[in-house]
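The next block holds one structure in the form of structure tokens; read it before the comments.
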Amino acid sequence: MHYAIIAAGEGSRLAQEGVDLPKPLVRLDGKPMIKRLIDLMLSCEAESLSVIVNEQMTEVRRYLESLSLPVPFRLVVKSTPSSMHSFFEVSREFPADGKFVLTTVDTIFLENDFRKYVEAFAADDSADGYMGVTDFVDDEKPLYVATDDNLRVTGFHDSFQKGVKYISGGIYGLTSPALGILEDCMAKGVSRMRNYQRALVGNGLDLRAFPFSKIVDVDHAADIETAEEFIRSGK
């Protein structure tokens, strides 16, 4: 499995609330947020790892450059207008016929949930993608994920729709057909990751929703303690 982490946001809300460290380096249960993600991915049969940070994140860049990892590691330093554009930048060296899992750096989930998700995605030869979802709504602007009875994704919605149980957790497992659609979205000037996800469904890709017990986003200073307690609860 090939992995990528989007850590290109500015983390302005944390800074405004008195958090001195850049978001990717905020410690959760004693470990920088981004290192926790990297370690989880390495423990799940990682073949390669890519990370994107923005050009202002010199401290994060130095930290990542100091790591010695057992798999090919690609660090992209570029400021982008959206997470979709960040995804495009890290996707350029993905293999044409492989599977890859992408997450945002502030997406916090339990190790056991993530391992089950990766194992299910790796074993499924029919689906074009596995989208990590949760019924725990903790996002300020959640993306609601509509599914059928077999957890096939039928749509993505900006507001709650009757019968829709899940929201997106910022965890994307995709295959090579998704990269072609990403290039098409870039060419058409599509913005935002959620619009790219809509394009995946609109182009007929077979996406499956994979429920996580809970996913927490770290957007505010108060979220740090919430995330730490959540991580400890899974140990």
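The values are calculated or read from the model by the stated rules, or taken from the named source; none is laboratory data. Note that this is a predicted model, so its numbers are computed, not measured. Because the Cβ atoms are built from the backbone with ideal geometry, glycine has one as well, and the counts that use them run over all protein chains shown. Surface areas here come from the heavy atoms of the whole protein model, side chains and all, with no ligands, DNA or RNA. Shrake-Rupley method; radii C 1.70, N 1.55, O 1.52, S 1.80 Å.
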Considering each residue of segment 153-167, count those that are among the charged types (D, E, K, R) and farther than 18 Å from residue 196 by Cβ, and give that number.
2
Here the qualifying pairs (Cβ atoms under 6 Å; residues six or more apart or on different chains; first in segment 101-119 and in contact (Cβ under 8 Å) with a residue 40 or more places away in the chain; second of a type in the set (Gly, Ala, Ser) and part of a loop (DSSP other than H, G, I, E, B)) come out as 110/234; 113/213
Give segment 225-235 a look and list any residue that's open to solvent by 30 Å² or more (accessible area, probe 1.4 Å) and of a type outside the set (Lys, Arg), or say none.
225, 226, 228, 229, 233, 234
Return the pair list, or none, for Cβ contacts closer than 7 Å from residues in segment 175-189 that are touching a residue at least 12 places away in the same chain (Cβ under 8 Å) to residues that are aromatic (Phe, Trp, Tyr), at least 6 apart or on different chains.
179/94; 182/87; 182/88; 182/196; 185/196; 186/88
Being modelled with pLDDT of 95 or more, open to solvent by less than 50 Å² (accessible area, probe 1.4 Å) and of a type in the set (S, T, N, Q) narrows it down to one residue among 83, 91, 50; which is it?
50
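Going through 58, 107 one at a time, which residue ends up being of a type in the set (S, T, N, Q) and within 27 Å of residue 229 (Cβ to Cβ)?
Unique residue meeting the criteria: 107.
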What is the number of the single condition among (1) surrounded by fewer than 19 Cβ atoms within 10 Å (Cβ to Cβ); (2) modelled with pLDDT under 95; (3) out of contact with any Phe, Trp or Tyr (no Cβ under 8 Å at 6 or more places or on another chain) that residue 107 does not meet?
(1)
All positions within segment 3-27 that are surrounded by fewer than 21 Cβ atoms within 10 Å (Cβ to Cβ) and either at positive phi or in contact (Cβ under 8 Å) with a residue 40 or more places away in the chain (or both):
10, 13, 17, 18, 19
Among residues of segment 155-169 being of a type outside the set (Phe, Trp, Tyr) and touching a Leu at 6+ places or on another chain (Cβ under 9 Å), the residue nearest to residue 101 (Cα to Cα) is 168
Select the strands (runs of 3 or more DSSP E) contained entirely in segment 139-223, then report the ones holding at least 2 residues which are open to solvent by less than 50 Å² (accessible area, probe 1.4 Å) and among the polar types (S, T, N, Q).
166-175
Lone qualifier among 132, 98 - being among the small types (Gly, Ala, Ser) and surrounded by fewer than 22 Cβ atoms within 10 Å (Cβ to Cβ)
98
Subset of segment 94-107 (residues that are closer than 24 Å to residue 223 by Cα and not in a strand (DSSP E or B))
105, 106
With the requirement that a residue be in a loop (DSSP other than H, G, I, E, B) and either within 14 Å of residue 48 (Cα to Cα) or more than 19 Å from the chain's Cα centre (by Cα) (or both), what does segment 74-93 give you?
92, 93
Answer residue from segment 56-73, given it is out of contact with any strand residue (DSSP E or B) (no Cβ under 6 Å at 6 or more places or on another chain) and either in a loop (DSSP other than H, G, I, E, B) or closer than 15 Å to residue 36 by Cα (or both) and is least open to solvent (accessible area, probe 1.4 Å) among those
57
Residue count, segment 123-134, condition over 17 Å from the mean Cα position of the chain (by Cα) and in contact (Cβ under 8 Å) with a residue 24 or more places away in the chain, comes to 3
